[in-house]
Amino acid sequence: MLAWGLLPLQSLAQGGLKFQGSEQPINQRTSYNVFGDRSVRFSGNFNIGFNLSLYPTTAFGYILRIKNKDSDRIYNLFYDGQGSNLIFRFNEEGKNSLIVARINREELLNLNWFKVDVLFDLKNDSIKLTIHNQTFSSESKDLPDTYHPVILFGKSDHIIDVPSFAIKDLAIGNQEKYFFTLHEGKGNTVYDRNGKAFGEVSNPEWLINDAYHWRHKASFKSKTVAGANYNAHKKEIYYFNKDSLFVYNVWSGSTSIKVFEEKCPVKLKLGTNFIDTKNNKLYSYEPYNDDYTGPTVASLDLSTYQWSVENSKQLVSPLHHHGAYFNPLTEQYTIFGGFGRMHYSKDFYTYDLNNQEWDTLGGFAGDFLSPRYFSSVGYSGKASSVYIFGGMGNESGEQTVGRQYYYDLYKIDLGTRHISKLWEIKWERDNMVPVRGMIIADDTTFYTLCYPEHFSESYLRLYRFSLKDGHYEILGDSIPIQSDKITTNANLYYDSALNSLYTIVQEFDDDISSDLKVYSLSFPPVTAHGLESYSKNKSNNSLIVIILSSVVAIGILYALYRKLKSQGNPVEADSSGMLTEDSNAEIAPGADTSTRKRPNSITLFGDFTVRNRKNRDITYMFSAQLKQILCLTLQYSTTEGGIASQRLSNILWPDKPADKVKNSRGVTINHLRKALSELDGIELIYDKGNFKIEHTEAFYCDYTRCMHIISSHDIEAHRDELVEIVSRGKFLQLFDHPLYDSFKEEMEKKLEPVLLLEMEKTFEAEQYQTAIAFAEALANIDPLNDTALTFQVRAMQRLKLNDEAKLRYRTFVIEYKKVMGTDYPHPYNELN
């Protein structure tokens with residue numbers, strides 16, 4: 001709930017290339033060949049430098065390999081982040097470690113990006129490795145005077161153990177340098193900074209997309225009133241109720257639960273709170289509670305998790321959706337505005353952490369600031385000022401007068417308490433309100449989230465406003481929010497160390513129980529146009545010449561036609577006359593289709609994804625409740641011919657009165673139908689009291705296709721497609737709500753024996769890569785399936801991937817001990 005202070009505004013968005021590591025199936029791991037088919041040569045020396053970012057998902061594996069076209073000597077950079085220190089080993093592959101760099105874990109993991117350099121001194125037969133600000137060196141005998149490097153990041157050849165990492169600003173060379181910013185937005189071609197196509201990458205994750213698409217990070221649920229906040233100092237999301245505290249670390253992805261020895265002494269009604277990072281405390285406060293005389297402010301020590309009563313004073317009303325800011329210099333927390341008891345507030349109330357008292361601030365002069373709620377408030381320590389944006393209310397403060405939406409900005413000088421109205425803009429879009437949190441970027445702009453709160457199924461959008469005149473841009477895509485209840489709220493936070501924005505969405509069903517969702521976006525964010533600009537293929541002078549020359553263009557189109565035709569791909573012309581591959585073309589047996597994006601499709605394995613008829617990702621249109629209805633209807637359509645409307649209501653709205661359930665069901669079904677209308681070949685129908693999904697061949701769903709394959713009597717004919725489906729990841733992998741448990745169990749119960757049988761068959765047929773893929777899929781269902789482990793290790797050994805087999809075994813053993821509390825009883829040599 002805190003407003004964050006002054007931030008540096010960066011000029012470039014968070015570009016870079018992220019590598020899918022060993023957390024993914026082998027055929028989905030990232031591989032980057034820097035020079036591709038080009039041949040480069042360096043004499044005397046050459047340097048490989050890049051910025052590196054480490055992710056905790058997979059903390060060991062090979063980052064980089066350096067080959068020489070003129071010899072068999074290969075060097076690699078191996079990373080191991082599992083111990084107390086981070087270890088980087090620079091190896092001569094298959095022989096020995098030349099450099100072992102041990103770096104303090106905290107030193108690097110607190111950095112979003114750090115510099116890595118590898119220097120080959122060919123004249124003096126030495127190699128230097130620099131990690132951040134530490135340099136290590138080693139002799140390497142008989143280095144050639146001239147080097148023809150082949151530089152590979154991530155997966156390559158038999159090297160399949162890849163950590164989760166990202167790189168950007170890659171520079172290679174000596175006096176002659178090659179620069180790659182890695183700011184592409186899509187595709188598999190990598191361009192140098194002049195726009196010239198160079199290398200190739202498979203399974204890329206271009207980080208510029210993380211500056212536009214909000215990523216769902218985690219979800220939590222509380223059956224009692226709860227509050228939430230973000231501690232940038234510790235990188236932790238807090239979600240607490242009277243009994244316990246969820247702690248979610250946004251960097252590591254780890255979650256822990258702290259059960260309080262003594263319950264929170266404040267009777268939670270709204271869950272409002274703030275954090276004092278200096279003293280490592282979380283403060284819970286309730287402005288007003290009817291017929292209540294107990295504590296209204298209490299602090300939680302985030303080291304001991306012990307509560308302390310601070311104050312028992314009540315303010316004038318609950319002050320729903322008030323704005324707030326914390327002044328670390330005075331150690332005072334101030335709230336403004338809010339709604340309660342039929343009134344909108346314009347007052348400022350300050351809580352002093354030192355004397356543990358609430359006080360009403362007065363003595364304001366200058367422009368009139370009308371009573372309001374749903375305002376966004378930001379604190380600027382540099383300007384010693386507070387900014388207040390928007391909201392709704394009226395000049396009298398009386399609810400009965402009616403309310404109006406405000407699109408204005410005020411600045412309050414904390415020294416003089418003078419109020420200045422900076423601007424008011426004419427709003428021609430749907431009426432909307434901002435969230436509490438405002439992020440002030442340098443002296444020119446601020447960021448906040450806004451949404452039309454008067455819609456049940458609403459969407460948050462990120463806005464960047466000019467402090468000077470109110471000019472604004474909409475950044476990033478949308479975040480769904482169910483805004484029926486006044487207690488539902490969202491907030492925006494910024495972490496300068498991680499260069500990330502975080503959004504917390506807390507949705508209440510009945511003003512008591514709530515769901516919390518956490519989203520992240522790279523900072524600075526980009527507009528849809530900005531993302532498209534990154535995504536366009538970069539041009540160069542030679543391409544411009546080609547485009548201007550119609551004769552050469554015709555030759556290129558003809559060559560492209562011949563190439564596609566020779567590959568067996570149907571070719572047609574689009575509306576512009578350009579030749580394109582048919583997106584509905586048949587896939588050749590054995591082809592790698594794991595990254596193929598199909599139009600009119602819904603995928604439930606791995607990430608839930610919906611793509612419309614134009615092959616655009618419209619997953620954002622599906623709120624949590626729409627996903628629930630879609631999955632329930634798919635499940636029951638497949639097994640029972642549909643789900644009865646009463647059964648659907650009992651599952652989704654078990655505690656609502658019948659009249660309200662009917663209305664909620666109707667509204668939600670209409671929203672789902674509207675979202676599905678973006679796709680061809682699928683329809684949600686109501687027939688004889690049942691809701692069911694009907695679809696044609698124009699529509700594709702990996703779940704229904706998987707069910708068809710495993711129930712057929714000829715799985716071998718569809719084996720490649722089955723591998724493609726299960727290799728995407730675990731079925732409904734991010735869906736943790738108990739509602740999905742039976743769906744998951746039913747799917748996995750049918751799938752597991754098929755995977756076991758196909759794994760054995762493909763192993764016996766010496767199709768070892770396919771056997772490994774089936775073993776990985778089995779591990780998604782049962783991480784401790786030692787049959788899958790045995791076949792996977794043996795298949796790797798048959799492929800001479802002995803190091804990879806040992807690492808797979810090591811990973812299994814660690815997980816086994818973590819879950820079972822005892823060592824795995826079978827040593828590695830028993831699996832041969």
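The values are calculated or read from the model by the stated rules, or taken from the named source; none is laboratory data. All values derive from a computational prediction rather than experimental measurement. FYI the Cβ positions are ideal-geometry reconstructions off the backbone, even for glycines, and counts take in every protein chain you see. Side chains are part of the model used for accessible areas, which takes the heavy atoms of the whole protein and leaves out ligands, DNA and RNA. Shrake-Rupley method; radii C 1.70, N 1.55, O 1.52, S 1.80 Å.
Some points to look at:
- Scanning region 711-767 for residues that are part of a helix (DSSP H, G or I), of a type in the set (A, V, I, L, M, F, W, C), open to solvent by 10 Å² or more (accessible area, probe 1.4 Å) and farther than 28 Å from residue 218 by Cβ returns 715, 717, 723, 754, 756, 757, 763.
- Residues in region 325-344 that are touching a Lys or Arg at 6+ places or on another chain (Cβ under 6 Å) and part of a strand (DSSP E or B): 344 only.
- Here residue 188 passes the criteria (1) touching a Pro at 6+ places or on another chain (Cβ under 8 Å); (2) under 16 Å from residue 76 (Cα atoms) except the one numbered (2).
- Check on residue 223, in contact with a strand residue (DSSP E or B) (Cβ under 8 Å, 6 or more places away or on another chain) and either at pLDDT below 95 or over 30 Å from residue 795 (Cβ atoms) (or both): no
- Filtered residues of region 669-683 (kept if under 22 Å from residue 640 (Cα atoms), of a type outside the set (Gly, Ala, Ser) and either touching an Asp or Glu at 6+ places or on another chain (Cβ under 9 Å) or open to solvent by 60 Å² or more (accessible area, probe 1.4 Å) (or both)): 673, 676, 682, 683
- None of 503, 487 is of a type in the set (Ser, Thr, Tyr) and assigned to a loop (DSSP other than H, G, I, E, B) except 487.
- Checklist (1) open to solvent by 20 Å² or more (accessible area, probe 1.4 Å); (2) in contact with an Asp or Glu (Cβ under 7 Å, 6 or more places away or on another chain); (3) at pLDDT 85 or above applied to residue 636, failing item: (2)
- Residue count for region 177-191, restricted to those that are open to solvent by 20 Å² or more (accessible area, probe 1.4 Å) and either closer than 17 Å to residue 52 by Cα or part of a loop (DSSP other than H, G, I, E, B) (or both): 6.
- Filtering 793, 813 for residues that are assigned to a helix (DSSP H, G or I) and crowded, with 17+ Cβ neighbours inside 10 Å leaves a single hit, 793.
- In the condition set (1) of a type in the set (S, T, N, Q); (2) touching a strand residue (DSSP E or B) at 6+ places or on another chain (Cβ under 6 Å); (3) without any contact (Cβ under 8 Å) to a residue 12 or more places away in the chain, residue 156 is compliant with all but (3).
- Members of region 211-243 found to be open to solvent by 20 Å² or more (accessible area, probe 1.4 Å), more than 14 Å from the chain's Cα centre (by Cα) and of a type in the set (Ser, Thr, Tyr), listed by number: 224
- Residue that is nearest to residue 204 (Cα to Cα), among those in region 156-170 that are of a type in the set (Val, Ile, Thr) and assigned to a strand (DSSP E or B): 167
For every residue, the table says whether it meets (1) out of contact with any Pro (no Cβ under 6 Å at 6 or more places or on another chain); (2) in contact (Cβ under 8 Å) with a residue 24 or more places away in the chain.
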| residue | (1), (2) |
| --- | --- |
| 281 | yes, no |
| 289 | yes, yes |
| 303 | yes, no |
| 319 | no, yes |
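- Filter result (open to solvent by 60 Å² or more (accessible area, probe 1.4 Å) and either closer than 14 Å to residue 98 by Cβ or out of contact with any helix residue (DSSP H, G or I) (no Cβ under 9 Å at 6 or more places or on another chain) (or both)) within region 120-132: 123, 124, 128
- Taken over region 35-73, the residue count meeting the criterion of being in a loop (DSSP other than H, G, I, E, B) and either at positive phi or modelled with pLDDT of 95 or more (or both) is 2.
- Considering residues of region 325-341 that are touching a strand residue (DSSP E or B) at 6+ places or on another chain (Cβ under 7 Å) and farther than 17 Å from residue 359 by Cα only, the residue most open to solvent (accessible area, probe 1.4 Å): 339
- Candidates 686, 703 - the one that is aromatic (Phe, Trp, Tyr) and crowded, with 18+ Cβ neighbours inside 10 Å: 703
- Being surrounded by fewer than 21 Cβ atoms within 10 Å (Cβ to Cβ) and not basic (Lys, Arg) is a description that does not apply to residue 283.
- Extreme residue, least open to solvent (accessible area, probe 1.4 Å), among residues of region 255-272 that are of a type in the set (Ser, Thr, Tyr) and touching a residue at least 24 places away in the same chain (Cβ under 8 Å): 272
- The set of residues from region 57-91 being among the hydroxyl-bearing types (Ser, Thr, Tyr), closer than 19 Å to residue 166 by Cβ and buried (at least 18 other Cβ atoms within 10 Å of the Cβ) comprises 58, 62, 79.
- Condition met for residue 777 (in contact with a helix residue (DSSP H, G or I) (Cβ under 8 Å, 6 or more places away or on another chain) and closer than 17 Å to residue 706 by Cβ): yes
- Near pairs, Cβ below 7 angstrom, 6+ apart or cross-chain, from region 796-821 (on the phi < 0 side of the Ramachandran plot) to any residue that is of a type in the set (Asp, Glu) and surrounded by fewer than 18 Cβ atoms within 10 Å (Cβ to Cβ): 817/823
- Filter pass, residue 443 being in a strand (DSSP E or B) and of a type outside the set (Gly, Ala, Ser): no
- Summed over region 655-666, the residues that are open to solvent by 90 Å² or more (accessible area, probe 1.4 Å) and modelled with pLDDT of 80 or more give a count of 2.
- Members of region 292-317 that are assigned to a loop (DSSP other than H, G, I, E, B) and closer than 22 Å to residue 243 by Cα: 292, 293, 294, 295, 296, 302, 303, 304, 305, 306, 312
- Per-region count, region 375-418, residues open to solvent by 20 Å² or more (accessible area, probe 1.4 Å), of a type in the set (A, V, I, L, M, F, W, C) and over 13 Å from residue 446 (Cβ atoms): 2
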